[in-house]
Amino acid sequence: MKNTCLISTIAFAAIAAGASADVTYTFDSLTLDALEFNQIFGAGTLVGSLTGVRVNATLLDSVRTYANDLTIYIDLPPIGNGALQVGGYSTLGSTQRYWWSNGNDSAAGTVVNSTVNLATAIGFTGTAADLPVLLGNGFSGGGAMGTWTGSITLIGVNAVPAPGAIALLGLAGLAAGRRRRA
């Protein structure tokens, strides 16, 4: 039985290692005021090396906000001196700063569809030491507001499975081993 569990674990690890390392966050009618940010991935929820960020979103409504003001920011709140900012007109202070290649309009229906490759990968260890990933409106103008629908993909990282999911995988392996012996 020990050999069966060991072989199952090795096979699972090999399959997981070959899996695509991307995590996508989808949102629908997300309304954000100027410099309002929401945490989309907390510390300890991602593992891998973030090598890029992809956006595919449509601006549905706007007050003084462009489609490309949709911003990914990696930092502990409050905003400032983070590890990464992608998007947004206002520079918030970060080690790496990038802009989306399109979406420079405030008209409803404007699409921002762009991929940014990072010059330096950002490591995530799946521990509490990791910085959270925030999604927000990166324009600081007073009274600014935007509503978007779409998705953000973090390239090169995977979500850390919840402890309950890991336990279920372990139980499934034990059950499979017992069934074969019977």
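Just so it is clear, none of the values below were taken in a lab; they were calculated from the coordinates. Predicted model only: the values in this text are computed from it and were never measured. Backbone-built Cβ (ideal geometry, glycine too); neighbour counts: all protein chains shown.
Things to note:
- Rounded to 5, the percent of DSSP beta bridges in the range 73-168 classed as antiparallel: 50
- Viscosity 0.692 mPa s, 37 °C: Kirkwood-radius Stokes-Einstein D of the range 20-160 over Cα pairs, µm²/s: 224
- Fewest-first ranking of LEU46, LEU70, LEU131, using other Cβ atoms within 10 Å as the exposure measure: LEU131, LEU46, LEU70
- For TYR89, distant residues with modelled amide H under 5 Å away: GLY138, PHE139
- Protection-proxy order for peptides 48-57, 133-142, each taking the mean of Cβ atoms within 10 Å per residue, highest first: 133-142, 48-57
- Multiplying the residue separation of SER140 and ALA162 by 0.36 nm and subtracting their alpha-carbon distance yields 4.3 nm.
- Lys/Arg +1, Asp/Glu -1 at C-beta; the range 47-141 dipole; positive extreme among ASN102, ASN68, ASN56: ASN102
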